1. Of all helices (runs of 4 or more DSSP H) completely enclosed by the range 248-336, which ones contain at least 2 residues that are basic (K, R)?
2. Quick one: how many residues across the range 56-73 are under 30 Å from M1 (Cα atoms) and acidic (D, E)?
3. Taking the criterion of being touching a Gly at 6+ places or on another chain (Cβ under 9 Å), touching a residue at least 60 places away in the same chain (Cβ under 8 Å), open to solvent by less than 30 Å² (accessible area, probe 1.4 Å) and farther than 21 Å from Y205 by Cβ, would at least one residue in the range 257-264 satisfy it?
4. Quick one: in the range 164-187, which of the residues that are assigned to a helix (DSSP H, G or I) and modelled with pLDDT of 95 or more is least open to solvent (accessible area, probe 1.4 Å)?
5. Please report, ordered by residue number, the strands (runs of 3 or more DSSP E) entirely within the range 1-113 with at least 2 residues that are under 26 Å from Q141 (Cα atoms) and open to solvent by 10 Å² or more (accessible area, probe 1.4 Å).
6. Does at least one position in the range 348-359 carry a residue that is open to solvent by less than 10 Å² (accessible area, probe 1.4 Å), within 30 Å of L34 (Cα to Cα) and assigned to a helix (DSSP H, G or I)?
7. What number goes with the only condition from (1) surrounded by 13 or more Cβ atoms within 10 Å (Cβ to Cβ); (2) touching a helix residue (DSSP H, G or I) at 6+ places or on another chain (Cβ under 9 Å); (3) of a type outside the set (A, V, I, L, M, F, W, C) that E190 does not pass?
Amino acid sequence: MKITLLFLGRNGAGPKYAFNMAKELALKKDSITLQIVIPSHIDNLSDWDFLANNFENVLICKVKTYSNKKEFVKKITNPFTFVKIVKDIKKFQPDWIYMPMGSLLNFGILPLLKCYKKVYTLHDPILHKGEQSFFIEKLRQIEINSSDKIILLNNYFIDYVIANYKINKSDIFVIPHAGFFSKNQPQKIESFHNKILFLGRIEQYKGIDLLLDAFEEIIKEKANIQLTIAGKGDLKPYVEKINSFGEKIIVENNWLTDDDIENLLMNHDFVILPYTDASQSGVIPLAFGNGKIAIATNVGALSEQVPTGIGFCIEPDPSEISKKVIQIYNLSVDELANMNSKAYKYACNNLTWKSSIEKLLQILMN
């Protein structure tokens, strides 16, 4: 089978997700020939080059996209932006075009590839608070309507996609977000770190305000607890309150490498996701893949991602968040270690990239 993986995102978690799916496809040397179309300045370019240099069944096409809004406007108003990509794909003659995530440039590419079958992974059926845009939604509708099969990362939004995008249920499939695993098997904790971790991009819908209000209550009962907020994004709305906690809150407001993330997870007791809305989160399988439980709010499909026994789902309310955190710190170390171990085993058994690709190939072959 010949597959074109079309991914024109540049940064964030998207390139990691796309690369891990591509890597598993590349490992199918005997049955898959893989063309990869990516930006020439994608964050994890060295990973993609590794595939091109080590797998004879992989062909990589690098295209210049954009790095800011001005360049984006120039690209979408220039028809030649799409010509090279379309020519390269047509020359390859794929059986399927696979889009592991959307791109603002796909609207100009997909209508020119009508004769090819397409499968598209829709990560966020509903745009998050602070990210809603009529323009982006219209571009996304083109991606969805141009695709033969739609993949969701959860069951929660199936009915929504059917109703709002007029997709047949038989053309919708679910492949849960796989985990990003630590390089080495996580070690059993011997004592509490007394540190809570918020990890990921700083966005309005991530509920930093709820977390800070909850933390105020937490330290009244557990004075030795610290909170780390780690991730790139705008913290200005929260700076005054963060500063009021002094050394109780550690901030790493920058882009995090894989090593940074692994070290943060290793040195914290658990991950907390106080989101006010969500589709699903890659942070949850990331936590599990590093042997840590997650506390998540009951919004979107987050509860679907957190099975009983390896994490907790609570309402997006500061008092509920604080109660659950205090409850965890009232457990014994062995009880937390046991939950962490279950979380890691769950990820190994259910959230591997290999199993994701097996499900994808079943969709394509059927």
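1. Values: elements: 258-266, 283-289, 302-305, 318-329.
Qualifying helices (runs of 4 or more DSSP H): 318-329.
2. Step one: list which residues in the range 56-73 are under 30 Å from M1 (Cα atoms), which gives 56-65.
Then keep just the ones that are acidic (D, E); that gives 56.
The total comes to 1.
3. Of the range 257-264, the ones touching a Gly at 6+ places or on another chain (Cβ under 9 Å) are none.
Within the range 257-264, none of the residues are touching a Gly at 6+ places or on another chain (Cβ under 9 Å), touching a residue at least 60 places away in the same chain (Cβ under 8 Å), open to solvent by less than 30 Å² (accessible area, probe 1.4 Å) and farther than 21 Å from Y205 by Cβ.
4. Of the residues in the range 164-187, the ones assigned to a helix (DSSP H, G or I) are 164-165, 169-171.
Still in the running and modelled with pLDDT of 95 or more: 169-171.
Numbers: K169: 136, S170: 84, D171: 38 Å².
Ranking the qualifying residues of the range 164-187, first place goes to D171.
5. Numbers: elements: 2-6, 33-39, 58-63, 96-99.
Ranges flagged: 58-63.
6. Applying the first criterion (open to solvent by less than 10 Å² (accessible area, probe 1.4 Å)) to the range 348-359 yields 356-357.
Next, only the ones that are within 30 Å of L34 (Cα to Cα) stay: 356-357.
The next check asks that each one be assigned to a helix (DSSP H, G or I); those that pass are 356-357.
The answer is yes, given that some residue of the range 348-359 is open to solvent by less than 10 Å² (accessible area, probe 1.4 Å), within 30 Å of L34 (Cα to Cα) and assigned to a helix (DSSP H, G or I).
7. Status for E190: all satisfied but (1).
The values are calculated or read from the model by the stated rules, or taken from the named source; none is laboratory data. Note that this is a predicted model, so its numbers are computed, not measured. Using ideal geometry, Cβ is built from the backbone for each residue, glycine included, and neighbour counts are taken over all protein chains shown. Ligands, DNA and RNA are excluded from the accessible area calculation, which covers all protein heavy atoms including side chains. Shrake-Rupley method; radii C 1.70, N 1.55, O 1.52, S 1.80 Å.
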